[in-house]
Amino acid sequence: MLIVRSPVRISFAGGGTDLPAYYEQFGGAVLSVAINKYFYTILKKRSDGRVQIISSDLRVFETWQDIATMDIEGTGLEIPVAVLKDLGCQVSVDLFLASEIPPGTGLGSSASVCVNVLKTLSSYAHLPLSKHELAERAFHVARNVLRRHVGKQDEYAAAFGGLNYMSFAKDGTAQVAPLELSPEVFNHLQESLMLFFTGTAHSSWTILKEQEKSTRARHTSSVQALHNIRGLADQMRQALEWEDLRRFGLLLNEAWQSKKLVSDKISSPRIDYLYSLAKRNGALGGKITGAGGGGFLLVFCEPSHQPKVREAMASEGIREMTFAFDFQGAQLLVNDPFIDGDERTASRWTFVPNSTAVL
């Protein structure tokens with residue numbers, strides 16, 4: 001039996017520059033942090049030669065005899081089946097999938113699913129992947145197998161965890177640089193961030209597809225906005241390293257204004273109203289998480305002003321989600337061969353007479 005979890009993330013700046021359409025021309029950069037809201041996969045051995053996938057969030061399950069012939073279009077199970085097919089796993093298992101957040105909320109949940117299932121199955125198949133390899137393979141599955149218009153930042157955030165400055169070269173190579181801040185700055189940053197669910201989930205694929213199209217066509221306004229966003233990722237990194245959190249909050253506001261220039265689908269009158277309401281009550285900056293259009297509203301606000309922001313949002317029926325930073329990334333929580341008698345799990349354990357174990 002295996003249990004694996006992977007985090008979702010908050011992206012502060014640079015989103016959109018991690019798309020191939022942008023970084024292949026200009027090179028991209030993103031500043032983001034993983035948070036302690038997780039996706040889980042539980043793998044258990046079967047003995048009938050079938051694969052069963054159960055999603056608690058989507059309330060669906062499917063069972064197949066032959067992975068190669070799986071037809072999952074429109075079931076919501078495209079990601080785990082795509083991972084199974086890409087790895088070429090000849091396994092007979094139950095995969096139980098569960099998430100702490102709903103899909104389509106702008107926190108990178110689809111990438112977290114892909115990273116999570118990939119880590120589960122690669123661990124089960126004894127195909128060890130480094131964090132970098134895990135992120136790249138998950139991006140490959142999403143981009144080339146499922147043909148979705150995705151960037152690279154979400155896969156890297158889920159695989160690595162932590163607060164990172166990620167750079168994406170023109171040749172596609174990625175570098176992950178963790179920010180080395182004092183515990184006091186980490187705590188102050190975490191305490192100054194608030195997440196509010198706008199009440200609408202969304203699919204980011206349409207927005208990202210449009211963004212890639214305009215970037216490849218070099219539409220001046222969209223590309224310039226992305227240039228600004230990339231530069232702000234650098235400035236926000238510097239503000240954190242200089243321990244200037246007030247400047248960080250103001251730059252977050254500037255990044256949101258630039259982000260809205262990339263596409264008219266990123267914001268909405270309702271989102272603009274909620275954002276202005278937060279600012280009127282003391283917030284320095286914020287943004288909609290992810291590609292935009294809905295999901296969570298991220299707010300940077302000094303703790304002394306947070307009660308007013310919280311009260312204002314509550315008056316609009318907007319719920320807050322508390323969170324903390326995650327520094328672990330995708331990890332194996334349980335690897336136990338005794339639960340279901342599966343000799344493929346915990347393969348590092350070799351049992352010899354007299355109950356003496358050697359590695």
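Counting other Cβ atoms within 10 Å as a rough exposure proxy, the listed residues 301, 89, 114 run 89, 301, 114 from fewest neighbours to most.
Which of 152, 260, 279 comes first, and how do the rest follow, when ranked by fewest Cβ neighbours within 10 Å?
Going from least to most buried by this count: 279, 260, 152.
Taking amide H as placed 1.01 Å from N in the peptide plane, the amide H of residue 290 sits under 5 Å from that of 11, each at least 5 places away or on another chain.
Here the Karplus curve 6.51 cos²θ - 1.76 cosθ + 1.60, taken at θ = phi - 60°, turns the phi angles of segment 159-167 into couplings of 6, 8, x, x, 9, 9, 9, 10, 10 Hz, with x standing for Gly and Pro.
Using a cut-off of 18 Å between alpha-carbon atoms, which lysines can reach residue 44, once sequence neighbours fewer than 8 places away in the same chain are excluded? Partners within reach: 119. Placing unit charges on each Cβ (+1 for Lys and Arg, -1 for Asp and Glu) gives segment 100-190 a dipole about its Cα centre, and among 151, 107, 140 the Cα reaching farthest toward its positive end belongs to 140. Taken over segment 130-193, the convex hull of the Cα atoms encloses 103 Å³ per residue.
Dipole of segment 2-332 computed with +1 at Lys/Arg Cβ and -1 at Asp/Glu Cβ about the Cα centre; of 211, 10, 175, farthest Cα towards the positive end is 211. About the centre of its Cα atoms, segment 212-266 shows a dipole size close to 340 debye [charges on the beta carbon of Lys, Arg (+1) and Asp, Glu (-1) only; nearest 20 debye].
Summing Cβ point charges (Lys, Arg +1; Asp, Glu -1) relative to the Cα centre of segment 2-332 gives a dipole of roughly 420 debye. Just want the answer: with Cβ charges of +1 for Lys and Arg and -1 for Asp and Glu, which residue in 318, 81, 52 is farthest toward the dipole's positive end in segment 2-332? So the residue furthest toward the plus end is 318. A cut-off of 5 Å between modelled amide H atoms, ignoring neighbours fewer than 5 places along the same chain, links residue 302 with 284. Counting every other Cβ atom within 10 Å of each residue's Cβ, 236, 321 order from fewest to most as 321, 236.
Where a number appears in this text, it was derived from the coordinates with a stated rule and is not lab data. Bear in mind the structure is a predicted one, so any value in this text is a computation, not a measurement. Quick reminder, even Gly has a Cβ in these numbers, built from the backbone with ideal geometry, and neighbours come from all protein chains shown.
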